[in-house]
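Structure first, commentary second.
The values are calculated or read from the model by the stated rules, or taken from the named source; none is laboratory data. Computed from a predicted structure; not experimentally measured. Note that we place each Cβ from the backbone using ideal geometry, even for glycine, and neighbour counts take in every protein chain shown. To get the accessible areas, we keep the full protein, side chains included, count just its heavy atoms, and leave off ligands, DNA and RNA. Shrake-Rupley method; radii C 1.70, N 1.55, O 1.52, S 1.80 Å.
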Amino acid sequence: EAGVVQSPRYKIIEKKQPVAFWCNPISGHNTLYWYRQNLGQGPELLIRYENEEAVDDSQLPKDRFSAERLKGVDSTLKIQPAELGDSAVYLCASSLEASFHEQFFGPGTRLTVL
Amino acid sequence: QKEVEQNSGPLSVPEGAIASLNCTYSDRGSQSFFWYRQYSGKSPELIMSIYSNGDKEDGRFTAQLNKASQYVSLLIRDSQPSDSATYLCAVSSGTYKYIFGTGTRLKVLA
């Protein structure tokens, strides 16, 4: 069974540029999460989807971040415009159902903003 | 006060010893507890989950939960150099939201 797929794996951009990350969860997993992990810190939840509905986006900086999961499968996280402080690893995770708590993480996208 | 606290380490143990990793949490309503292992430059990998007080064993790993003390720990028996990684504690309060600690870096010395 394939795991969570993310692309790109690495991205280097200049500040004020836009950037997008893509995630394809494990087949059959209805719940999808986007996390941000700064160096030396644990992952911090940005947004959680149940199918195509964003049910927890309280930690998403909505002035510059947006996300979508149009068909309830793959998802895109966008930053526009990027700031220096956005440099981090962006992780996508999925679980079968939200109540099935075990989450499985993708390899992440390492973003560097210059 | 941080919601989930871990000692950042590094915790150094000799090969073959027992490594003990600790985590405390602030939300008494927390119901689910997880340990993830994260190698440098890699994503977190789930190694243990525990939901009720007591011990849960899986191979060389034992998770211990004490809800009264708001404490969860992970024991790694017969530690190997390949166990060297950062171990993340995650806690869920039933809102399906994980709160992660900052992780403890474990170094197993050959």
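Relative contact order of chain B: 38 percent, from C-alpha pairs under 8 Å at least 6 residues apart in sequence.
The GluC sites (Glu not before Pro) of region B:1-71 that meet both conditions, a loop assignment by DSSP and at most 14 other Cβ atoms within 10 Å of the site Cβ, are B:3, B:15. Computed over protein heavy atoms with a 1.4 Å probe, the carbon and sulfur contribution to the accessible area of chain A reaches 49%. Rounded to the nearest 100 Å², what's the accessible area chains B and A bury against each other, both chains counted, probe 1.4 Å? Roughly 1600 Å².
Of the beta bridges in region A:30-114, as assigned by DSSP with both residues counted there, near 100 percent are antiparallel.
How large is the dipole of region A:50-114 about the Cα centre if only Lys and Arg carry +1 and Asp and Glu carry -1, each at its Cβ, rounded to the nearest 20 debye? Walk me through the intermediate numbers first.
Working: 6 positive and 12 negative charges, 67 e Å.
The dipole of region A:50-114 has a size of about 320 debye.
Centroid-to-centroid, using Cα positions, region A:71-99 and region B:38-86 are 26 Å apart.
Shown for chain B: the carbon plus sulfur share of the solvent-accessible area, taken with all protein chains present and a 1.4 angstrom probe, equals 45%. Under the combined filter of DSSP loop state and at most 12 neighbouring Cβ atoms within 10 Å, region A:48-101 retains these trypsin sites (Lys or Arg not before Pro): A:62, A:71. Shown in residue order for region B:41-54 are the 3J(HN,Hα) couplings computed by the Karplus curve 6.51 cos²θ - 1.76 cosθ + 1.60 at θ = phi - 60°: x, 10, 8, x, 10, 5, 10, 8, 10, 8, 10, 10, 4, x Hz (x for Gly and Pro).
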